[in-house]
1. Given the conditions (1) under 20 Å from the mean Cα position of the chain (by Cα); (2) under 26 Å from ILE3 (Cα atoms), report the number of the one that GLU93 does not fulfil.
2. Across region 70-82, what is the total count of residues that are under 10 Å from the mean Cα position of the chain (by Cα), surrounded by 15 or more Cβ atoms within 10 Å (Cβ to Cβ) and either modelled with pLDDT under 85 or among the aliphatic types (A, V, I, L, M) (or both)?
3. Does VAL106 meet the test of being of a type in the set (Val, Ile, Thr) and at pLDDT below 85?
4. Which members of region 38-69 meet the condition of being at pLDDT 85 or above and either among the basic types (Lys, Arg) or more than 24 Å from THR4 (Cβ to Cβ) (or both)?
5. Does region 85-104 contain any residue that is in contact with a helix residue (DSSP H, G or I) (Cβ under 6 Å, 6 or more places away or on another chain), surrounded by 11 or more Cβ atoms within 10 Å (Cβ to Cβ) and over 30 Å from TYR27 (Cα atoms)?
6. Any idea which residue in region 25-75 is nearest to ARG118 (Cα to Cα), counting only those that are in contact with a helix residue (DSSP H, G or I) (Cβ under 6 Å, 6 or more places away or on another chain) and among the small types (Gly, Ala, Ser)?
7. For region 101-129, give me each residue that is of a type outside the set (A, V, I, L, M, F, W, C) and within 30 Å of CYS88 (Cα to Cα).
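The values are calculated or read from the model by the stated rules, or taken from the named source; none is laboratory data. Model, not experiment: these values are computed from the prediction. Cβ placement follows ideal geometry from the backbone for every residue including glycine, while neighbour counts extend to all protein chains displayed.
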Amino acid sequence: MNITALIAIAIVATVMSIILKQYKPEYSMFISIAAGIAMLIVVMAYVSPIFDAIRMLLSRVEQSGEIMAILLKSLGICYLTQIACDSCKDAGETAIAAKLELAGKVAILILALPLFTRLGDVVTNLIEM
């Protein structure tokens, strides 16, 4: 991964945001959001090998398709929630960010309920043996 490009984007966006905050503070947040999107696009180019490795590991599990779907949805919820929370914190809305973090955690728990149920069934079957 080209970490130097990400560092350059972050430094340039930070400097621009600080300079712009003196003259037009309302536009400073837009620079932060644009930099975050640009950095996310750079990172997304390197995500494919990670998913391939996860698929290979999950191919050994008999219901890997469902598990992979839950894993990818959970990962998406995590990243989107983190980006939104960071944007709220940058805007000075830490209370909203805290509520959003809680909502993300609850969404992941709801998404993972079928896995917890299946795990409970496996444990029950092992105890009955």
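1. Condition not satisfied by GLU93: (2).
2. Going through region 70-82 one residue at a time, the tally reaches 2.
3. On the way: of a type in the set (Val, Ile, Thr): yes; at pLDDT below 85: no.
Answer is no for this residue.
4. none
5. no
6. Of everything passing the filter in region 25-75, SER64 is nearest to ARG118 (Cα to Cα).
7. Let us first name the residues in region 101-129 that are of a type outside the set (A, V, I, L, M, F, W, C), namely 101, 104-105, 114, 117-118, 120-121, 124-125, 128.
Across region 101-129, the qualifying residues are GLU101, GLY104, LYS105.
Residue-by-condition table, conditions (1) assigned to a helix (DSSP H, G or I); (2) in contact (Cβ under 8 Å) with a residue 60 or more places away in the chain; (3) within 19 Å of GLY104 (Cα to Cα):
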| residue | (1), (2), (3) |
| --- | --- |
| ALA35 | yes, no, no |
| VAL43 | yes, no, no |
| ILE50 | yes, no, no |
| ARG55 | yes, no, no |
| ARG60 | no, no, no |
| GLY65 | yes, no, no |
| GLY76 | yes, no, yes |
| TYR79 | yes, no, yes |
